[in-house]
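Each remark here refers to the structure printed beneath this line.
The values are calculated or read from the model by the stated rules, or taken from the named source; none is laboratory data. Note that the coordinates shown come from a computational prediction; the quantities given were computed from them, not determined experimentally. Cβ: placed from backbone, ideal geometry, glycine included. Neighbour counts: every protein chain shown.
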Amino acid sequence: NAGVTQTPKFQVLKTGQSMTLQCAQDMNHNSMYWYRQDPGMGLRLIYYSASEGTTDKGEVPNGYNVSRLNKREFSLRLESAAPSQTSVYFCASSADRVHTEAFFGQGTRLTVV
Amino acid sequence: QKEVEQNSGPLSVPEGAIASLNCTYSDRVSQSFFWYRQYSGKSPELIMSIYSNGDKEDGRFTAQLNKASQYVSLLIRDSQPSDSATYLCAAEVGSARQLTFGSGTQLTVLP
């Protein structure tokens with residue numbers, strides 16, 4: 001049982017380049033999330049999707065777009081990467097949005113130079 | 001004011017001692033609270049959830065919730081070196097019940 005799978009695990013981008021982080025879950029969960037983690041900042045919510053076909057902004061959405069492709073997949077796109085987007089990105093999923101455990105992927109370490 | 005706040009630490013305790021981790025939250029409507037453990041370079045994993053006032057025990061872990069004081073804590077009894085990690089407090093906040101995390105407390109258990 002793979003759980004939540006993120007790709008890639010590591011990525012280096014030049015300023016202005018674009019890329020998409022992929023996330024897939026095999027637990028039939030309704031809700032999916034993208035967080036970024038910076039030293040001393042904890043996890044900050046970028047976007048979330050409460051169910052297939054819906055997406056909502058979190059705490060730090062600027063510079064990002066998301067797509068809930070189907071129930072399994074939730075992608076995060078950086079259209080024009082900036083050094084401030086250097087971070088570790090985590091995808092997570094939960095059965096529902098309230099009162100349920102969130103399971104995390106292994107993370108993507110992104111460096112923008 | 002951050003919606004979920006933790007003492008950033010770091011916190012060091014000797015092996016066998018009780019480690020106490022604290023968290024406060026600002027949204028009075030929050031109903032669900034969680035403690036996640038994150039080892040260095042790894043992803044967070046849930047260790048405790050609590051929804052009602054009072055204590056909830058699971059093995060060496062006890063979560064405490066006081067909604068009147070907007071306070072959540074985690075006690076780790078008989079701390080082991082393997083408990084050394086960053087502990088993240090989380091709460092569902094806002095009308096959209098977004099899962100919001102504190103900045104984490106780094107715990108080191110000294111052998």
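Within region A:89-101, take every residue that is more than 9 Å from chain B (Cβ to nearest Cβ) and farther than 14 Å from A:Phe74 by Cβ and give me the one that is modelled with the highest pLDDT. Per the stated criteria, the residue is A:Ala95.
For region A:55-113, name all the residues that are within 11 Å of the chain's Cα centre (by Cα) and on the phi > 0 side of the Ramachandran plot. Answer for region A:55-113, where residues must be within 11 Å of the chain's Cα centre (by Cα) and on the phi > 0 side of the Ramachandran plot: just A:Gly107. Counting only residues that are under 9 Å from the mean Cα position of the chain (by Cα) and not small (Gly, Ala, Ser), region B:61-111 holds 7 of them. For region B:20-36, a residue qualifies if it is touching a Gly at 6+ places or on another chain (Cβ under 7 Å) and closer than 22 Å to B:Ala85 by Cβ, and exactly one does: B:Cys23. When we screen A:Leu69, A:Leu78, A:Leu13 for residues that are at pLDDT below 95 and over 30 Å from B:Tyr51 (Cα atoms), the only hit is A:Leu69. Filtering A:Val66, A:Val113, A:Val4 for residues that are surrounded by fewer than 20 Cβ atoms within 10 Å (Cβ to Cβ) and touching a residue at least 24 places away in the same chain (Cβ under 8 Å) leaves a single hit, A:Val113. Inspect all residues belonging to region A:40-49 and state whether any of them is polar (S, T, N, Q) and touching a residue at least 24 places away in the same chain (Cβ under 8 Å). Scanning region A:40-49 turns up at least one residue that is polar (S, T, N, Q) and touching a residue at least 24 places away in the same chain (Cβ under 8 Å). Being more than 22 Å from B:Leu99 (Cβ to Cβ) and within 14 Å of chain B (Cβ to nearest Cβ): is that true of A:Phe104 here? It is false that A:Phe104 is more than 22 Å from B:Leu99 (Cβ to Cβ) and within 14 Å of chain B (Cβ to nearest Cβ).
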